[in-house]
Each structure stands twice: as structure tokens, then as C-alpha cells.
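Accompanying notes for the structure given below.
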Amino acid sequence: MSKHHQILIIGGGTAGIMSAAQFKRENSKLDVAIIEPAETHYYQPAWTLVGAGTYDMDDTARRMSGLIPHGVTWIKDKALNFDPDQNTVKTELSGAITYDYLIVAPGLQMDLDGIEGLREALETDSVCSNYLDPEKTWDIIKNFKGGNALFTQPATPIKCGGAPQKIMYLAEEHFQRSGVRDKTEVIYATPGSVIFGVKPFKATMEEVVRRKNIHLKTFYNPVKIDSENKKVHFRYMQQKEGGCTLNEDSDVLGEELEGDMTFVVPYDMLHLAPPQSAPDFVKNSPLAHQEGPSKGWMNVDINTLQHNAYKNVFGLGDVAALPTAKTGAAIRKQAPVVVANILHMMQDGQLDQKQYEGYSSCPLVTGYGKMVLAEFKYDNVRDSDPLLSTFMDTSKEKWSLWVLKKYGLPWLYWNRMMKGKM
Ligand SMILES: Cc1cc2nc3c(=O)[nH]c(=O)nc-3n(C[C@H](O)[C@H](O)[C@H](O)COP(=O)(O)OP(=O)(O)OC[C@H]3O[C@@H](n4cnc5c(N)ncnc54)[C@H](O)[C@@H]3O)c2cc1C
């Protein structure tokens, strides 16, 4: 197998496969290779539905061999480190591989040691995460007998920032159906300051939270899980003169204050997104931001996706330090920019005109049969699809958007996006 490729892609996930497929559609003669160790690729957006018992986990999986585009070399291996000055990537089994252009797209990693006690808590039968095992989430939701149903997320960036709340809305509806809602307190504790940052979706989501009688706790950063006593410790994120005091609903929830700034909330079931970061081999490389709030994430220009120091290196997908939500939908708009830029550079050394404006979207499922489609770009500016918007107001809960989520988007993903057709 050749040790040099015109275009080398690290990671055969959403971003890697989409870009490889687009290159091949543009020019089938291009020499493209993907380094990817996994045998299976998952359509992760459907994991929210798996966690709510309304989608089959097996239907989210496809064999990698069937996804790698025809004519693309699959290097079934793991990238270990980079030497961008020598245009080289070191791998575990295949040694050094060199490239003309490199695309870094290995997604992100779950940091299970990022919250004290998280690893042990996940071993128990009342703690779950759609990010790790959505089938366990469904087991816990369907067998829930009442008490505190606590949903939370970490202070790190996470993929699909809406996922930790979507599963809560579905769980809340399921609790009504299973007859335990009136003996259940549903709690959403987030390190953020609001339930959703983009107007007008924010107003809709606030209304959903009100309607469902959810206890919304903002500025709550989960720092410790005491699974023996089934309690989560949250460090309050905002300065409070004189320290925190208990809240109006603390009694009903059994919430306590520990010291000045830590709330302790008991749970009977807990769903959370684990802390997340760029994979270690990126974090510890010259391709990552070395300082600042984006430290560890891939250091690319936010509009061209070109590395800020190494001009033949590009980054996209979850690994990239981009001030927008990390989603597959974002990648749909990022991949064409990277592909156009590399093709243009091959011709005359210049970048293409195409720019990425930060588009991302969050299909906010608010119940079985209801969804809001939040589409936005950099600076939290609404960026709803103009065609879809002629038929409906996507900032309102709609049954048709649920149908899009459950049937339309998976079809588009496997048959269009992963084939490089959109
Ligand atoms: C619960 C949940 C719900 C979500 N909901 C939505 C949604 O509704 N809409 C939406 O658009 N997005 C959603 N997402 C997010 C979306 O799935 C991701 O943003 C997207 O898959 C990221 O693509 P990626 O290519 O960057 O990473 P991935 O698709 O994760 O692929 C990364 C690939 O890199 C490989 N890799 C890792 N390390 C190495 C290495 N060292 N060498 C070589 N290869 C390596 C991995 O094996 C993997 O195949 C959701 C995610 C989750 C978990």
C-alpha cells in the first residue's frame, strides 16, 4: 500500500466520509486515503430517539466498508501523531504516511474523568448517557418509578448541545404515559445561562420548559457524582456576593447547599452528557490551539477551515475550534468549503471563494411527534432554510419536523450526504 497520498483524511466519520465522497465526485482520479480504525459508523443524531425507545439502535449503524467511497484507500489504522513540517502522520500499524494535503476529522473524545465519580456512576443502573449507550437510557426511562429525574451537561464544549435537553422532553412525556409523572420532579441543570441561546427558538424552548413543569437550574456546573448516595454536586458558575442561598424549589427537590457555592441535588435517575475534548493525539500536537479558551481543539480559520499555521492542513467537524454548535448539520456546510479550498489550491495555490459562516442546526425534539428546527450561524444569528421557511415557521413545535427528524434526515444522511451529493 502506498505511503503517500495526495489527500489524506484522518477519521472516517461524518466529516471524513462526506469530504472524501465530495472529492471523488469532483474528480474520480484524485488519490484520496482515509485513516480510520473502526469497522462501524453510527448515525449519532438518531441516538436521541433510541434513548426514548422510538428508534432501533441497529438502524443507526452501517459497516465502514460500505461507506468508504469507491476508489478511496481505507487505511484501517489509528493516527498517533503529526509532523506537519514533514507532511507526515504516524500511525499505529502502518508507520509514517505522507500527504500533499491533510484533513483532520477524528471527532472528539469523551472525558469520563472530567467529573469526579462519573466513571463509577455510569456502572450503576440509574445513571445513563445517550452519548455512550442510548439503549441503557431507554431501559432507565422505561423502568423509572418516580422521584427526581435529573438531566445535566458539562461546562466543556459538547457535540449537539441540544441533545441533553431533547432526551428530557421525551422522558417527561414518557413519564406521563407510564403514569409516574405526578410523582416525578424533572430537573434540567446546565452550566449555561439560558435554555437555548438563539432567538426566537429561545422563547419557544422557555415555553416548553414552563409547560412541562421542568425545574430549570442555570449556572449549575456538575463537578462530582456521589453514586453511593445518588447525589450530584454542582458548582454555581456565577459570582454571588455572600454566597448562594437555597432556591424556592430546593425543599421539594431535597436540594442542599454545601459551602458557599455548591448545590447538591439528589437523583433517582440521572442522564448527562460527559465532558468532551479533542482527541489526545490532536490536543498534544502542534495542530491544536496551544493557549486560550480553545486550547486543545484544532486551530483553524473559522471561515476557510484552513489551519492557521500549516496551509496544506484543514480541520472540520467536532475536532475543530469553531464558535458554533458541533453537529453533523454543520459538517454538511463545512465539507464543501474544505473540498473547494483544496481543489483550488491544487490548481493555483490559492483558496477558493467559498466561506463557512458558522451554520449549524439543532433539531430540538420536544416530545413524541413534536420538533423545533433551530438553524443558526456564528454569533447566534438565526439562519433558517429559506425554502423550508416558506412552508412553516420552524421556530414553532411541528409534527412535520418530527417526521423530518425520524425519517427524512436519516435517509438524507445515508443516501445523499455520505455519498457526497449535498
Ligand atoms: C446523542 C447525540 C445526538 C446528536 N444529535 C445530532 C443532531 O440531531 N443533528 C446533528 O447534526 N448532529 C447531531 N449529533 C452530532 C453529530 O453526530 C456529530 O457532530 C458528527 O457525527 C461529528 O462528525 P465527525 O466526523 O467530526 O466525528 P465522528 O462522526 O464522530 O467521526 C470521527 C471518526 O474519527 C475516527 N477516529 C478517532 N480517532 C482516530 C484516530 N486516532 N485515527 C483515525 N481515526 C480516528 C473515529 O473512529 C470516527 O470514525 C449528535 C451526537 C450525539 C452523540
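Some values worked out for this structure:
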{"item": "Number of positions in segment 197-221 that are farther than 27 Å from K231 by Cβ and either surrounded by fewer than 15 Cβ atoms within 10 Å (Cβ to Cβ) or of a type outside the set (A, V, I, L, M) (or both)", "result": "10"}
{"item": "Every residue from segment 91-124 that is among the charged types (D, E, K, R) and within 18 Å of A278 (Cα to Cα)", "result": "D111, D113"}
{"item": "For V282: the one exception among (1) within 30 Å of D226 (Cα to Cα); (2) assigned to a helix (DSSP H, G or I)", "result": "(1)"}
{"item": "Residue match in segment 58-78 (condition: more than 30 Å from Y407 (Cα to Cα) and among the hydrophobic types (A, V, I, L, M, F, W, C))", "result": "yes"}
{"item": "All positions within segment 306-326 that are surrounded by fewer than 24 Cβ atoms within 10 Å (Cβ to Cβ) and either touching a Lys or Arg at 6+ places or on another chain (Cβ under 8 Å) or under 20 Å from C160 (Cα atoms) (or both)", "result": "A321, P323, T324, A325, K326"}
{"item": "Flag if R63 is away from the ligand (no atom under 15 Å from the Cβ) and farther than 17 Å from V365 by Cβ", "result": "no"}
{"item": "Neighbours by Cβ (under 7 Å, 6+ apart or cross-chain): first from segment 316-345, under 17 Å from V381 (Cα atoms) and more than 8 Å from the ligand (Cβ to nearest atom); second assigned to a helix (DSSP H, G or I) and among the hydrophobic types (A, V, I, L, M, F, W, C)", "result": "T324/A330"}
{"item": "Segment 104-124 - residue that is touching a helix residue (DSSP H, G or I) at 6+ places or on another chain (Cβ under 7 Å) and more than 10 Å from the ligand (Cβ to nearest atom) and, of those, farthest from M168 (Cα to Cα)", "result": "D113"}
{"item": "Enumeration of residues in segment 368-421 that are surrounded by fewer than 19 Cβ atoms within 10 Å (Cβ to Cβ) and of a type in the set (G, A, S)", "result": "G369, S384, S389, S400, G408"}
{"item": "Criterion (among the basic types (K, R) and either part of a strand (DSSP E or B) or assigned by TED's automatic domain parsing to the domain that holds T184 (or both)) met by exactly one of K295, K224", "result": "K224"}
{"item": "Residues within segment 141-156 that are surrounded by fewer than 21 Cβ atoms within 10 Å (Cβ to Cβ) and touching a Ser or Thr at 6+ places or on another chain (Cβ under 8 Å), tallied", "result": "5"}
{"item": "Single match in T262, T245 (criterion: of a type in the set (S, T, N, Q), surrounded by 14 or more Cβ atoms within 10 Å (Cβ to Cβ) and either within 30 Å of M417 (Cα to Cα) or out of contact with any Ser or Thr (no Cβ under 6 Å at 6 or more places or on another chain) (or both))", "result": "T262"}
{"item": "Subset of segment 176-198 (residues that are small (G, A, S) and in a loop (DSSP other than H, G, I, E, B))", "result": "S178, G179, G192, S193, G197"}
{"item": "Hits in segment 232-282 - residues which are of a type in the set (A, V, I, L, M, F, W, C), farther than 25 Å from G51 by Cα and more than 26 Å from the chain's Cα centre (by Cα)", "result": "C244, L246, V252, L257, M261, F263, V264"}
{"item": "Selected residue (only one of E26, E39 is surrounded by fewer than 23 Cβ atoms within 10 Å (Cβ to Cβ), closer than 24 Å to K326 by Cα and of a type in the set (D, E, K, R))", "result": "E39"}
{"item": "Listing of strands (runs of 3 or more DSSP E) fully contained in segment 22-101 that carry 3 or more residues being in contact (Cβ under 8 Å) with a residue 40 or more places away in the chain", "result": "32-35, 73-75, 79-83"}
{"item": "Matching residues, segment 32-67, being closer than 30 Å to T88 by Cα and of a type in the set (A, V, I, L, M, F, W, C)", "result": "V32, A33, I34, I35, A38, M64, L67"}
{"item": "Odd one out for D58, checked against (1) farther than 30 Å from Q165 by Cα; (2) away from the ligand (no atom under 15 Å from the Cβ)", "result": "(1)"}
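Residue-wise test of (1) touching an Asp or Glu at 6+ places or on another chain (Cβ under 6 Å); (2) at pLDDT 95 or above; (3) charged (D, E, K, R); (4) outside any helix (DSSP H, G or I).
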{"site": "N130", "(1), (2), (3), (4)": "no, yes, no, yes"}
{"site": "E135", "(1), (2), (3), (4)": "no, yes, yes, no"}
{"site": "N148", "(1), (2), (3), (4)": "yes, yes, no, yes"}
{"site": "A155", "(1), (2), (3), (4)": "no, yes, no, yes"}
{"site": "H174", "(1), (2), (3), (4)": "no, yes, no, no"}
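The values are calculated or read from the model by the stated rules, or taken from the named source; none is laboratory data. As the structure is a computational prediction, the values presented were derived from the model and not from experiment. Because the Cβ atoms are built from the backbone with ideal geometry, glycine has one as well, and the counts that use them run over all protein chains shown.
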